[in-house]
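Take a look at the structure set out below.
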Amino acid sequence: MGLGFSLVAVLTLVLIALGGVGGANLQYLFGVIIPYAAIATFIVGFTLKVLGWAKVPVPFRIPTTSGQMKSFPWINHDKFDNPDTTGQVVGRMLLEVLLFRSLFRNTKTELRDGPRLAYGSDKWLWLAGLAFHWSFLVIVLRHLRFFFADVPVLVQAIEGLDGFLQVGAPLLYITDVVIISAVTYLFIRRVIIPQVRYISLPADYFPLFLILGIAITGVLMRYFIRIHVVGIKELAMGLVTLKPVVPEGIGVLFYIHMFIVSTLRMYFPFSKLMHMGGVFLSPTRNLANNNRRQRHENPWNYDVKVHTYEAYEDEFREKMKESGLPVEKE
Amino acid sequence: MGTPKPEELIQKIDLTPQWPGWMDTPTEIKPGNFCWGAKAKDLDGIGFPNPREWNPGEEDWKLPENWKEIVIEGLRERLEKYRTLKVFMDICVRCGACADKCHFFLGSGDPKNMPVLRAELLRSIYRREFTTAGKILGKFAGARELTMDVFKEMWYYFFQCTECRRCSVFCPFGIDTAEITIIGRELLNLLGCNIAWITGPVNNCYHKGNHLGLEPHAIMSSLEYMIDDIEEYTGVKVEPTFNRKGAEILFITPSGDLFADPGTFTCMGYLLMFHELGLDYTWSTYASEGGNFGFFTTNEMAKRLNYKMYAEAKRLGVKWIIGGECGHMWRVLNQYMDTWNGPADFLEVPVSPITGTRFDNAKQLKMIHAVEFTADLIKNNKLKLDPSRNDHLTVTYHDSCNTARGMGFMDEPRYVINSVCNNFFDMPENTIREQTFCCGSGSGLNASENMDLRMKGGLPRANAVKYVNEKHGVNLLANICAIDRAALTSSMDYWVPGVAVAGVHELVANAMVFKGQGKRTVDLRGEDIPGMEEEEEAEEAAESIAVQEPQEEAAGAAGEEGSE
Amino acid sequence: MKLYDGGKIITGLVIFVGLMLSPFILGMAKPGEKPDPKTDTPEIQEMEEKDRKCVEPKEFMRTSHMVFIDSWRDQALRDGDRVYENSEGKEIDISLQNTCMKCHSNKKKFCDECHNYMAVKPYCWDCHIVPEEKEGGV
């Protein structure tokens, strides 16, 4: 249900852009107004969401410790799985954000005869996740060539590396192959692993199809259905210089691509995709496990009703005296 | 109880979820899988809302008319207080990495025991009430209405989670189901919907100082039994003190260790070791509970119970505190205590009076773990040990969820065990340290009416024990948790008969050689130590040299082991 | 509005939003000029009006010259076939130097104009010799 719904939704988006530009000639709407609205929604929505999280305090220091804590000098401290200092926390976060450290631990459990529970290493999710996210990042960076008059050297270098196989013309980008393979894998595992299929919501399929749609239209434009690429840069530069222009003859495929990208941007702040910001704010990962050494304040800590020793002694004084326990009041 | 036999229980596990989807599958509250509802007198005793007699198995839970409003408002309040909750509600991508990491899912196959779905129970309400998409798109956005059935479902599954945090280790965003369950249980508590096995101990602990409700004289007589046993088995007469002002150290351990085997043996271990060291320490009858079942009700209640530790340390004028072997106790101490009830400026940074080691890692909390204390003693050669006294044991170690994932206390206990036992084998790596499996009965679920559930949840741990039992002949499961000592005993009897359960300090005391001790042919359980009893008759006459005897035997026994 | 860990979070957000907006900021500071490839070389101007056209239509060449030239290379170098029949049935000599650059003798003002704008670096001139351009003629 979620799958079909999401697929239809993304196909509808494609048709809207196709009809809007190919049929109704709404180039300005799809090339200027919607992209502007999308980037504004994305930035404002993203910021507000993160500020919404920032408004909520972290009352307790509760890192999930995934290794040996700092202890005696003669016990080996697992610095990045159980950080003790801010520097080590930064290390843990970098490993988490850049290399998906936690997911790397993933195992697959099977119940075999015996009975015997067997745990196998299962790195596919980690690998596909990492491949997907990194190629997405590289692709985004590559696209910066459309947005700068002088394309930064870094962007050119990334592009050079991405195309270093020198296959075909225009050169085949490695990330184009990787992202489509990885997203396809992530989709297939969602459908065929029974537990994952069971937990999947429309909100899980929808972004997968959106991203797949973006990648496919992008690949089509680069390798198969030619578009007026200089015109696209003129349009992009028009957007970023706030002097929007809609050059002639760009090709409807570009507007479809742009429309799905805009949808993704607008959808982003209201969806699970906010894990991009959230991963940095997860208190089980971004805090040091040093509570015994360093105080952590709870901003809403309040006095609670307690049962004092005096009340306790009042209740048990006679019994305490009989047992020879010292008491405060005779 | 109608707990099925192990073979039957195994047969029923199917890890493949069956359609229709979880939102369309009504929850059936099954006997053997839930605990009795919180009793009116206990709720009343601790000032919790809606005290009444009720039975979760019945239709009417006797909730106030505005129950739904109370839950939603409670959720709103907590979304503003806990960043964990807010972020975890928003960012799960349902990648499924956590799905097969939960012992309850692996042991029951119930899809709602997958950590992600346990959180979705609450998340679906959050989306419906607090997000625009959820309000408009409803089910398509993964949102659903909070109905009485949904409320009962949350109750059922938040009391099928032991807050062990294993899923959280694997989650790419560190989403911690324990946090979801803790807050979920807070919401349930707003309507008096806890379980009797939790609120009973909480009420006891609040008024009497410990979960078991032992009054001062009962604590003392419990310990007196142990003192007698210790003297009988070792010839050593220990003399603990209670509520003694001016002692250097306050010792607090879970009350389970005062009451039931095999926890009592661990307690006897502390008594012996502290006595042997001549430690200037005292017990307290007021702060006589290390554990904190309040942690399984609400944050506030946990703080109210925890208050006693520092308050008593202050009243008695001790310098610092040693805490006994307990799992969730140490998560609470390590991650909450100072924030709740600190700073304890009236205490000093713990310094071992025996070794002089300064515990700077605890300089804020002023409380150290008994195993930490002992590891330091052993490292500094301050305990006279004869590990061969434990040669009849082949030991493995169960990391408690809380000390592993809420603290990272993993190598200290292993160091101690390896120093007092010659035969130690770890379980497979996916089942120990940060990946350790819960005993199946943590977070207040170790009642008897839910034995079916507990044995299911205990399967992954037991299965790993069985592996080392078959491979290495492991016959003793060591641990540093009072709930483990009780729960794993049942779980071993059920899944891996023949494996005993013991706290680490029981092993320590059994391996210790005491000043001027008599001939010791039995362990702290009063059981003959194989290899020690034979000489009893032969050397009766030579009892005066018995002190040296264990040493020689150690060499002999080690040689035998080595030749195997 | 009270923020917790506000310093760190705001810093992170500023960096993130700054990166997102960097094209706008830099674009306003330096809008750049849109490319204007010139087709007014002396060679082209000498041609008669009706002959002033490329081997294939302008729109096709604009979007697809890279693929087109690439297929020329393959045909000429790998198959040894140096004759191309265009869409009008006219036979054309496959040669970058002698066909393309014969008319477009202004590499800088024709090829490089867009290539630089798009920051693409075709590797044509790894093998081919860059034609000499007449000073001032471009």
Among (1) surrounded by 20 or more Cβ atoms within 10 Å (Cβ to Cβ); (2) more than 15 Å from A:I256 (Cα to Cα); (3) over 18 Å from the mean Cα position of the chain (by Cα), there is one condition A:V229 misses while meeting the rest; what is its number?
(2)
Boolean, C:V67 is within 9 Å of chain A (Cβ to nearest Cβ) and modelled with pLDDT under 90
yes
Going by what's in this entry, would C:D51 be described as under 18 Å from the mean Cα position of the chain (by Cα) and either at the interface with another protein chain (Cβ under 7 Å from one of its Cβ atoms) or on the phi < 0 side of the Ramachandran plot (or both)?
no
Boolean, A:F42 is in contact with a Phe, Trp or Tyr (Cβ under 7 Å, 6 or more places away or on another chain), modelled with pLDDT of 95 or more and part of a helix (DSSP H, G or I):
yes
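Conditions (1) under 25 Å from B:N189 (Cα atoms); (2) in contact with a helix residue (DSSP H, G or I) (Cβ under 6 Å, 6 or more places away or on another chain); (3) buried (at least 24 other Cβ atoms within 10 Å of the Cβ), marked per residue:
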| site | (1), (2), (3) |
| --- | --- |
| B:A247 | no, no, no |
| B:D257 | no, yes, yes |
| B:T285 | no, yes, yes |
| B:F293 | yes, yes, yes |
| B:E300 | yes, no, no |
| B:K303 | yes, yes, yes |
| B:W320 | no, no, no |
| B:Y336 | yes, no, yes |
| B:T339 | yes, no, no |
Reported set for the range C:56-85 where residues are crowded, with 17+ Cβ neighbours inside 10 Å and in a strand (DSSP E or B) is C:Y84
Within the range A:50-89, restricting to residues that are among the basic types (K, R) and surrounded by fewer than 20 Cβ atoms within 10 Å (Cβ to Cβ), the one that is farthest from the other protein chains (Cβ to nearest Cβ) is A:K79
Restricting the range B:404-449 to residues that are within 9 Å of another protein chain (Cβ to nearest Cβ) and of a type in the set (S, T, Y), the one farthest from the chain's Cα centre (by Cα) turns out to be B:Y415
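Does the range A:96-115 hold any residues that are over 19 Å from B:H103 (Cα atoms) and either charged (D, E, K, R) or more than 8 Å from every other protein chain (Cβ to nearest Cβ) (or both), and which are they?
Hits for the range A:96-115 are A:E96, A:V97, A:L98, A:L99, A:R101, A:F104.
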State which residue is farthest from B:T339 (Cα to Cα) when the search covers only the range A:19-78 and only residues that are over 27 Å from the mean Cα position of the chain (by Cα) and of a type in the set (S, T, Y).
A:Y28
Name every residue in the range B:113-146 that is within 28 Å of B:M455 (Cα to Cα) and more than 24 Å from the chain's Cα centre (by Cα), in order of residue number.
B:L117, B:E120, B:L121, B:L122
Across the range C:103-123, which residue is nearest to the other protein chains (Cβ to nearest Cβ) among those that are in a loop (DSSP other than H, G, I, E, B) and not charged (D, E, K, R)?
C:A119
Test B:I417 against the stated conditions and say whether it is surrounded by fewer than 22 Cβ atoms within 10 Å (Cβ to Cβ), β-branched (V, I, T) and in a helix (DSSP H, G or I).
no
Return yes when B:V202 is in contact with a Phe, Trp or Tyr (Cβ under 6 Å, 6 or more places away or on another chain) and among the β-branched types (V, I, T) and no when it is not.
yes
Would you point out the residue of the range B:1-39, among those that are more than 10 Å from chain A (Cβ to nearest Cβ), farther than 30 Å from B:A143 by Cβ and buried (at least 17 other Cβ atoms within 10 Å of the Cβ), that is modelled with the lowest pLDDT?
B:T3
Selection over the range A:277-298 where residues are touching a residue at least 12 places away in the same chain (Cβ under 8 Å), at the interface with another protein chain (Cβ under 7 Å from one of its Cβ atoms) and not charged (D, E, K, R) yields a count of 10
Of all residues in the range B:358-386, which are assigned to a loop (DSSP other than H, G, I, E, B) and crowded, with 19+ Cβ neighbours inside 10 Å?
B:F359, B:Q364, B:L365, B:K366, B:L383, B:D386
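Considering A:F46, A:F5, A:F42, which residue is within 30 Å of A:L253 (Cα to Cα), touching a residue at least 40 places away in the same chain (Cβ under 8 Å), surrounded by fewer than 18 Cβ atoms within 10 Å (Cβ to Cβ) and at the interface with another protein chain (Cβ under 8 Å from one of its Cβ atoms)?
Result of the check over A:F46, A:F5, A:F42: A:F5.
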Within the range A:124-153, residues over 16 Å from C:L19 (Cβ atoms) and either at the interface with another protein chain (Cβ under 7 Å from one of its Cβ atoms) or not small (G, A, S) (or both) come out as A:W124, A:L125, A:W126, A:L127, A:L130, A:F132, A:H133, A:W134, A:A149, A:D150, A:V153
Identity of the residue in the range B:211-236, assigned to a loop (DSSP other than H, G, I, E, B) and at pLDDT 95 or above, that ends up farthest from B:G327 (Cα to Cα):
B:E215
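The values are calculated or read from the model by the stated rules, or taken from the named source; none is laboratory data. Quantities reported herein were computed from a predicted structural model and do not represent experimental measurements. A quick note on method: Cβ atoms are made from the backbone with ideal geometry, for glycine too, and the neighbour counts reach across all protein chains shown.
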